[in-house]
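Colleague: Here it is, the structure, as C-alpha cells.
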Amino acid sequence: MELTVLGCYGPYPQAGGACSGYLLREEGCRVLIDCGNGVLSRLQEYLKFWELDAVVVSHLHSDHFADLLVMRYGLDYAQSSGRRSGPLPLYAPPQPEEDLRRLAYKNAYALTPLSAGQPLQIGPFKFDFLEAVHALPCLAMRVTSISGTLVYTGDTEYFAGLAPFAAGAGLLLCEANFQNADMAANPPNHLSAAQAGAVAAAAGARKLVLTHLHPERDAALSVAEAREHFAAAEAAREGITWRI
C-alpha cells in the first residue's frame, strides 16, 4: 500500500500548496481520499484523474472536496472523448445535502452515501468508518489490505473512540490543526499536534503523520509537540509517498 500526499493544509493552503488530498495505490488500484483546493492539479503529476478507480471523501467541507466540483467537467470530457467508459465512483457522507447535490453534474460521478459502521471494499482496500466529532458529519477511515493498515482521522476533535479505532495502524494520518498555544481557548472541531501524538501512542501506531496543518503555523513546532507523546511523528509534505 502506497500513500502519496497531494495536499496537507486546512482550512486553506499556503502559497503554492494544496488542501487535503491523498492518493492511495496498491495492485494497480488507485483511490483518492479527499480532494480539497489544489489537489486536482497535484493529482495529475501522478496519473490522469480519469484513471482513478474511486474517490472517498471524509466530509463535505470545501477544503476536503472543492476540487471535485472542477473535476466534474473533466470527467464529462473524459467520457465524451472515450478516455473513460463511465462515471467515477464517489463515496461521501450524505450531508449537507445541498453540497452533495452540487456534485451531481451530468454523469461525472456515481454517488454512494457513506455511514459509520458500514464497510466498503474498493479493489484490495477494505474501508471501515467511524463518526468523528466535527462541525459537519465527518468520517474517520481505517483502510486495510494484505500489506498493512492506514488510519485517517479526517477532521475531528479528540474523543475516546479515536485511539481504539486506530489501534495497530501502520500509519496514522492524523489532523493536527492546532498547537499547544491554541488549546487554552478550548477551540472546537480539530485536534492539536500534541493530542495527535497522544492518540498515536495510545493506539500503538507504527508511524504518525500530521496533516491538515494550519498554513500560518510552524509545522516544525507541531512535530515537536507531537513528539513529546510519540517519537515517530512527522509532518505531511506534499509529494511524499509512504509505503505501509
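What follows is calculated from the coordinates using simple rules that are stated; it is not laboratory data. Computed from a predicted model, the values in this text were never measured in an experiment. Quick reminder, even Gly has a Cβ in these numbers, built from the backbone with ideal geometry, and neighbours come from all protein chains shown.
Colleague: For E234 and Q44 in the same chain, what is the full-extension length gain: residue separation times 0.36 nm, less their Cα-Cα distance, in nm?
Modeller: 65.9 nm
Colleague: May I ask you to list the lysines whose Cα is less than 30 Å away from that of K207, ignoring any residue fewer than eight positions away on the same chain?
Modeller: By straight Cα distance, K207 reaches K48, K126.
Colleague: While we're on this one: Local charge sum around A181 (other residues, Cβ-Cβ under 15 Å, Lys/Arg +1, Asp/Glu -1)?
Modeller: With Lys, Arg at +1 and Asp, Glu at -1, the neighbours total -4.
Colleague: Still on this model: Rounded to the nearest 10 degrees, what's the angle between the helix 62-80 long axis and the longest principal axis of the chain, both from Cα atoms, 0 to 90?
Modeller: Approximately 20 degrees, to the nearest ten.
Colleague: Stokes-Einstein at 37 °C, 0.692 mPa s, Kirkwood radius from Cα pairs: D for region 97-234 in µm² s⁻¹?
Modeller: The estimated diffusion coefficient comes to 208 µm²/s.
Colleague: Rounded to whole Å, give me the distance from the Cα center of region 21-42 to that of region 124-155.
Modeller: Rounded to whole Å, the Cα centres lie 15 Å apart.
Colleague: Take the Cβ-Cβ distance between L136 and A181 as r, set R0 to 22 Å, and report the resulting FRET efficiency rounded to the nearest 0.05.
Modeller: 0.25
Colleague: May I ask you to derive the relative contact order of the chain, considering only C-alpha pairs under 8 Å and at least 6 residues apart, and to give it as an integer percent?
Modeller: 18 percent
Colleague: Can I ask one more? Could you work out the local net charge near V223, counting Lys and Arg as +1, Asp and Glu as -1, over the other residues with Cβ closer than 12 Å to its Cβ?
Modeller: -1
Colleague: What is the extension gain from Y12 to Q121, computed as 0.36 nm multiplied by their sequence separation minus the C-alpha to C-alpha distance, in nm to one decimal?
Modeller: That works out to 36.2 nm of additional length.
Colleague: Still on this structure: Pick from A132, A202, A18 the residue whose mean-square fluctuation is largest in a GNM of the chain, springs joining Cα atoms under 10 Å.
Modeller: Among A132, A202, A18, the largest mean-square fluctuation in the Gaussian network model of the chain belongs to A202.
Colleague: Let me ask another. Dividing the alpha-carbon Rg of region 2-243 by 2.2 N^0.38 Å yields what?
Modeller: 0.95
Colleague: Still on this model: Counting only residues 5 or more places away or on other chains, whose amide H sits under 5 Å from the amide H of L88 once H atoms are built in the peptide plane?
Modeller: For L88, the qualifying residues are Y109, A110.
Colleague: Hey, how many Å between the Cα centroid of region 62-79 and the Cα centroid of region 171-214?
Modeller: 29 Å
Colleague: Quick one: angle between helix 193-203 and the longest Cα principal axis of the chain, in degrees between 0 and 90, rounded to 10, please.
Modeller: Between helix and principal axis, roughly 90 degrees.
Colleague: Fully extended, how many nm does the chain gain between T241 and Y73 (0.36 nm per residue separation, minus their Cα-Cα distance)?
Modeller: 57.7 nm
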